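Asker: Structure in structure tokens, see below.
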Ligand code: GLN
């Protein structure tokens, strides 16, 4: 079935899309996400509708979206305008990194650690390079006693993050500037520094998927010094924004655990640095209590 026709049922529309996507070496599960989006139904309703006919207007929008994704690699999240993170819907666009599930694990880690250490005490958290705001906003909503600051160098990213905070009802203080610089400028002392900074080495650019390389902002992906430049800058500035026993937690590329630990140890020789793995058993978080 190479063409869609007016009377197609949902499962037939999906079959058409899967074949089209396969031909272009794209993931076929994209079809379900997009069709559900245009039908504007919940996931469970979607699966009860497989034998129903899809209206011509939905078919048309869906077909166009499938073709755009298949032929150009434009991410589904840029087509629909959102991605889910920690169970909430965040607006995304070409100015921010599309949030990744690995980052949900970083957020989970911080939530569990802060609650464990300090269930009721107020805590000040700073998210560096907030992008769409997913980390800062989720922490602000999940941790009732947290005061959350978020920085980004990109005004356009901050606009997106502010929009997300407003639509989700989160209170986050957004500051424009390079990594920790605005935090230093405002003399904020943080109990937790959290960041998913750019960490891809320039040399790895050719191996990235076109959906990533062409559509995620360069600023959000790449760092000099073999991917370590952002950690170097952030860690060098830590002493100006933390106090003894504050914590830092960074998302890392799966081969960067040792290098980032070493950077922390250089400034905080007595701190206990931990490297944690993600659900795929890859090193993904470096964290430390800064003593
Ligand atoms: N903090 C945002 C996220 O984790 C953006 C990260 C980035 O742009 N490197 O999705």
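We did not get these values from a lab; they are worked out from the coordinates using the rules stated. Keep in mind it's a predicted model, so treat the numbers as computed, not measured. As a convention, Cβ positions derive from the backbone with ideal geometry for all residues, glycine included, and neighbour counts pool all protein chains shown.
Asker: Top mean-square fluctuation among 94, 112, 218, Gaussian network model of the chain, C-alpha springs under 10 Å?
Answerer: 112
Asker: Return the calculated 222 nm mean residue ellipticity for the chain, to the nearest 500 deg cm²/dmol, obtained by summing -39500 (n - 2.57) across DSSP H runs with n ≥ 4 and dividing by the residue count.
Answerer: -12500 deg cm²/dmol
Asker: At a 10 angstrom cut-off on C-beta neighbours, averaged per residue, how do the peptides 250-258, 67-75, 123-131 rank from highest to lowest?
Answerer: Order by mean packing, descending: 123-131, 250-258, 67-75.
Asker: Further, regarding this structure: Take every DSSP beta bridge with both residues inside segment 144-291 and express the antiparallel ones as a percent of the total, to the nearest 5.
Answerer: 50 percent
Asker: Taking every pair of alpha-carbon atoms in segment 104-187, what share in percent sits in each 5 Å bin, from 0 to the bin with the longest distance?
Answerer: Result, from short to long distances: 3, 17, 27, 23, 19, 9, 2, 0 percent.
Asker: What angle, in degrees between 0 and 90 and rounded to the nearest 10, separates the Cα long axis of helix 101-117 from the longest principal axis of the Cα atoms of the chain?
Answerer: The helix 101-117 is inclined about 40 degrees to the chain.
Asker: Here's another thing I want to ask about it. Which ordering of 152, 278 is given by a fewest-first count of other beta-carbon atoms within 10 Å?
Answerer: 278, 152
Asker: Relative to the longest principal axis of the chain, what angle (0 to 90°, nearest 10) does the C-alpha long axis of helix 30-39 take?
Answerer: Once rounded, one gets 70 degrees.
Asker: If you line up the long axis of helix 257-267 against the longest principal axis of the chain, both from Cα atoms, how many degrees apart are they, to the nearest 10?
Answerer: Helix 257-267 sits at roughly 30 degrees to that axis.
Asker: Could you work out the pair-distance distribution P(r) of segment 24-163 from its alpha-carbon pairs, with 5 angstrom bin width and percents rounded to whole numbers?
Answerer: 2, 9, 16, 17, 15, 13, 11, 8, 5, 3, 1, 0
Asker: Next question, about the same structure. Restricting to the chain, compute how many DSSP beta bridges are antiparallel as a %, nearest 5.
Answerer: Of the beta bridges lying entirely in the chain, close to 45 percent run antiparallel.
Asker: For the chain, modelled as a GNM with alpha-carbon contacts under 10 angstrom, which of 280, 164, 196 fluctuates the most?
Answerer: 280
Asker: While we're here: In Å and whole numbers, how far do the C-alpha atoms of segment 159-291 stretch along each principal axis, longest first?
Answerer: That gives 43, 37, 27 Å along the principal axes, largest extent first.
Asker: May I pose another question? Once you treat every alpha carbon in the chain as an equal point and sum by Debye, what is log10 I(q)/I(0) at q = 0.07 Å⁻¹?
Answerer: With one equal scatterer per Cα and no solvent, log10 I(q)/I(0) is -0.31.
Asker: Once each part is reduced to its C-alpha centroid, what is the distance from segment 177-211 to segment 78-117 in angstrom?
Answerer: About 15 Å separates the Cα centre of segment 177-211 from the one of segment 78-117.
Asker: Tell me the Kirkwood radius of segment 10-72: reciprocal of the mean inverse pair distance over distinct alpha-carbon atoms, in Å.
Answerer: With all distinct Cα pairs of segment 10-72 included, I get 11.6 Å.
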